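Notes follow the structure.
The values are calculated or read from the model by the stated rules, or taken from the named source; none is laboratory data. Everything numeric here is computed off the predicted structure, so don't read it as measured data. Note: ideal-geometry Cβ built from the backbone for every residue, glycine included; neighbour counts use all protein chains shown. All accessible areas refer to the heavy atoms of the entire protein, side chains included, with ligands and DNA or RNA removed. Shrake-Rupley method; radii C 1.70, N 1.55, O 1.52, S 1.80 Å.
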Amino acid sequence: AQARICTGPTQTRPLSEEQAFKVLDTILRSVRGELKDEEQVSKAQIGAFFAGMTIRANSFPEETQWSEGERRAMNLFWPLLLRALPPDVIFIADPEGSIMGLGNSVGPQFIGNGTTEMRLVGALREILAGGHLGYEEVQGVLKDVLPLKFEDGKSTGVSESLLSAFLIGQRMNRETDRELKAYCLAFDDELGPAPVADVNSLTHYGEPYDGNTRFFRSTLFVAAVRSCYGESSLLHGVEWMPPKGGVTEEQMLNFMGANTNLSLHQAKKLIEDEEVGFAYLSQREARPSLYESN
């Protein structure tokens, strides 16, 4: 369901009534504790799903808004969900109390617990309405909530549902340049200054972050060919990216037996090596805090 609805305003594929019924029934039984551990829906999944539904209802074009089947299923399940869901998820699903038509007051009054969640909730109100945030606002939220756990193992305490709604909501609204800049620069100093490769030019490829399943990943082979002509490349990504779970460069490199755990300095040496000329950096090694949020 997330792979269908948690995507852009032109690519979303509404669920049928049967599909929506199954998803909502699974969520309801999960929050009631009626499912076994391995079958339960995670808080992050629930937050992302309802964020997707809310953004579609509030701002997507007519063809990617709720289908009639989705609306019938929601009309049936919402009174039950309203009694079972925690306040943070009710806020995500109906932030202004206007989508479900039952006069819900939880969403409009919800502010979160503590200053970190309050900032996150404030940003989410804009995102769930289909809006965008400023550079400083995105950076502030990210630095508040990530890493999700401190070195002593304690959690930051922020709701997983709210954080997943924030991240998927930004993606569905198609980040502006200033929002993307904030994501790219939020963790630049996490491991200290990045090393600078001694090459004439360096081309970056970071396609796998969308987890897309529709297209062949050619950038790994492009980088190898370009290196034969003395053109240096840096590939970066993750092993797996929800909700689509597409084939990534890291998966292909692992399959071929390559090392996908390079440090920044090891990657620098490979880029400078005339016999190689390119390297792959996993976000796991380059930006640990950001990787943890995935």
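Here are some notes:
- Dividing the summed -39500 (n - 2.57) terms of all DSSP H runs of n ≥ 4 by the residue count of the chain sets its mean residue ellipticity at 222 nm at -14500 deg cm²/dmol.
- Sorted from greatest to least, the principal axis extents spanned by the alpha carbons of the chain come out as 66, 39, 37 Å.
- Averaged over its residues, the chain has an accessible area of 52 Å² per residue, based on protein heavy atoms and a 1.4 Å probe.
- Apportionment of accessible area to carbon and sulfur, the chain, percent (1.4 Å): 51
- Given +1 at the Cβ of Lys and Arg, -1 at the Cβ of Asp and Glu and no other charges, the dipole of the chain around its Cα centre is 760 debye to the nearest 20.
- Ranked by the mean number of other Cβ atoms within 10 Å per residue, highest first, peptides 40-53, 252-265, 226-239 order as 40-53, 226-239, 252-265.
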